[in-house]
Amino acid sequence: MTSTSLRTRLFLILVAATGMIWLFAIGWIYVATKQEVESVLDARLQEAARMVASLGTSKSVATSATETRLDGSAETLIYERQLACQIWSLDGRLVARSRGAPSSNLGGTQTGFSDRRIEGENWRVFSLEDADRGLRVLVGDRLGMREHLVTDIIKGLLAPTLLMVPLLGFLIWSSLNRGLRPLRRLALELQQRRADDMSPVETGRAPMEILPMMTALNALFSKVEGARRHEREITAFAAHELRTPLAGLRTQAQVAIGTSDPAARSSALRQIMIAVDRTTRLVRQLLDIANLDALQNPPRDARLNAGVIIDEIIDAQPARDGLRVEVDPMLNWITLTANAELLVLALRNLFENAVQHTAHPGLVRWSLERRAGEIVIVIEDEGLGIPPDELPLVTRRFFRGRHKSSSGSGLGLAIAELALRANAARLNLVNRTDRSGLQAEVILPRQAEVLHGEDGLPEPDLEIGLATTGS
């Protein structure tokens, strides 16, 4: 695709617009000038006719008519024979005429103004009748001369205009160069920047027309810098978090290799398994949050059974002594439409968080609530809960509060919130009121009701609309 010059485009637009305005002005001047000239010349015809009619005898009339023509010729040197005068008697005899006037009757018997074609020329004639003297005075001029006069006036106006066209074009081009100078300065500044320089461009002296673009550019720089800072934070955190378990793995492996005590070797191997599990979970969460950051407009068209999803999440969690898990049977009768991968990711992280913070023996309970316009999947644990001042902070990445788990990374709740948000749902965290522990609520837009059979229980295998997933 060929690039177009903004300067050239603006120049052509301005020149075309200016030319159209000039053409309109010339047309308007032509029409107005023609009307004004015709009005003035018509008035002159009337005055000439009255002057001739005011003369006395026929002899003096003839002389005056000639003098009138000569006077008119002296006033307008380039328009010879512009006026023609005839004097006719009322019985149809030509009494007198000016030199150059046609021999044919200029106006017939009609009084006032008339347009006539005589001897191949168009004439504008004014006729005045004097009944007392028995005379009719006809004064006329050629319409071609009128057009010639108007054309000469327009040419006189166009001559300086045509001389100004190159000058106007130069001024427009120079003005565009000057007006586009801030864009060239901006382009030069961006070209000279280092690749890692995300500082905002200066907008203090920017023209109003390019200020929105510069503001948007600064916003883009800010987003890119935020993304780069986020990547650095993840890299630094991953390096820090992985260093400890890897060092522990090496230490425990050395212990297992160097000891001959079966109990010490077994303990070292168990510690190795714990470190491997923690490292595996950390790497998985880092990959999950990287995928969520790159995700845009995920499809939400999978039909999911809440109970089945929750059962799969529970089965995938390693068994822990003294931990019990309860699932509300109502979750098995709800089928919702959502993005399966994101929903499973959110519910799995919430469940893992509940398991990590639940005291042993303890209980993690899944339940279903239906509120006005919403379906809520609730996950309750029996841990210490979250201090109230930390509730707004726990969904931030890498945040670990006062009641943190030794195997946690500070990413679980952040991943859950991101995944739910991408699934048109939201996460609400509150401390339990009946005892210590946290209540995590997955709030989904309610787009269908759970139907019941005649016995009051949900009908099996009932497909219920849309919205989310529950377990």
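The values are calculated or read from the model by the stated rules, or taken from the named source; none is laboratory data. If you're wondering where the values come from, they're calculated on a predicted model, not measured in any experiment. As a convention, Cβ positions derive from the backbone with ideal geometry for all residues, glycine included, and neighbour counts pool all protein chains shown. The area values use the complete protein model at the heavy-atom level, side chains included, leaving out ligands, DNA and RNA. Shrake-Rupley method; radii C 1.70, N 1.55, O 1.52, S 1.80 Å.
If I filter segment 398-405 for residues that are among the small types (Gly, Ala, Ser), open to solvent by less than 40 Å² (accessible area, probe 1.4 Å), closer than 23 Å to GLN285 by Cβ and assigned to a helix (DSSP H, G or I), do I get at least one hit? Checked segment 398-405: no residue is among the small types (Gly, Ala, Ser), open to solvent by less than 40 Å² (accessible area, probe 1.4 Å), closer than 23 Å to GLN285 by Cβ and assigned to a helix (DSSP H, G or I). When the test is whether a residue is open to solvent by less than 80 Å² (accessible area, probe 1.4 Å), out of contact with any His (no Cβ under 8 Å at 6 or more places or on another chain) and assigned to a strand (DSSP E or B), VAL364 passes it. Scanning segment 163-178 for residues that are under 15 Å from TRP22 (Cα atoms) and surrounded by 11 or more Cβ atoms within 10 Å (Cβ to Cβ) returns MET164, VAL165, LEU168, GLY169. Taking the criterion of being in contact with a Ser or Thr (Cβ under 7 Å, 6 or more places away or on another chain), at pLDDT 75 or above and of a type in the set (A, V, I, L, M), the residues of segment 207-243 that qualify are LEU211, MET214. Selection within segment 348-361: residues that are more than 45 Å from the chain's Cα centre (by Cα) and under 21 Å from VAL308 (Cβ atoms). The member of this set that is surrounded by the most Cβ atoms within 10 Å (Cβ to Cβ) is ALA354. Quick check on LEU336: is it modelled with pLDDT of 80 or more, open to solvent by less than 40 Å² (accessible area, probe 1.4 Å) and under 25 Å from VAL308 (Cα atoms)? No: the conditions fail for LEU336. Scanning segment 89-125 for residues that are touching a Lys or Arg at 6+ places or on another chain (Cβ under 6 Å), part of a loop (DSSP other than H, G, I, E, B) and open to solvent by less than 10 Å² (accessible area, probe 1.4 Å) yields one hit, SER98.
Got at least one residue in segment 406-425 being over 26 Å from ARG284 (Cα atoms) and open to solvent by 50 Å² or more (accessible area, probe 1.4 Å)?
Within segment 406-425, none of the residues are over 26 Å from ARG284 (Cα atoms) and open to solvent by 50 Å² or more (accessible area, probe 1.4 Å).
Any chance segment 186-206 includes a residue that's touching a helix residue (DSSP H, G or I) at 6+ places or on another chain (Cβ under 8 Å), in a helix (DSSP H, G or I) and either modelled with pLDDT of 75 or more or surrounded by 11 or more Cβ atoms within 10 Å (Cβ to Cβ) (or both)? Within segment 186-206, one or more residues are touching a helix residue (DSSP H, G or I) at 6+ places or on another chain (Cβ under 8 Å), in a helix (DSSP H, G or I) and either modelled with pLDDT of 75 or more or surrounded by 11 or more Cβ atoms within 10 Å (Cβ to Cβ) (or both). Of the residues SER260, SER266, the single one that is farther than 30 Å from LEU287 by Cα, assigned to a helix (DSSP H, G or I) and more than 22 Å from the chain's Cα centre (by Cα) is SER266.
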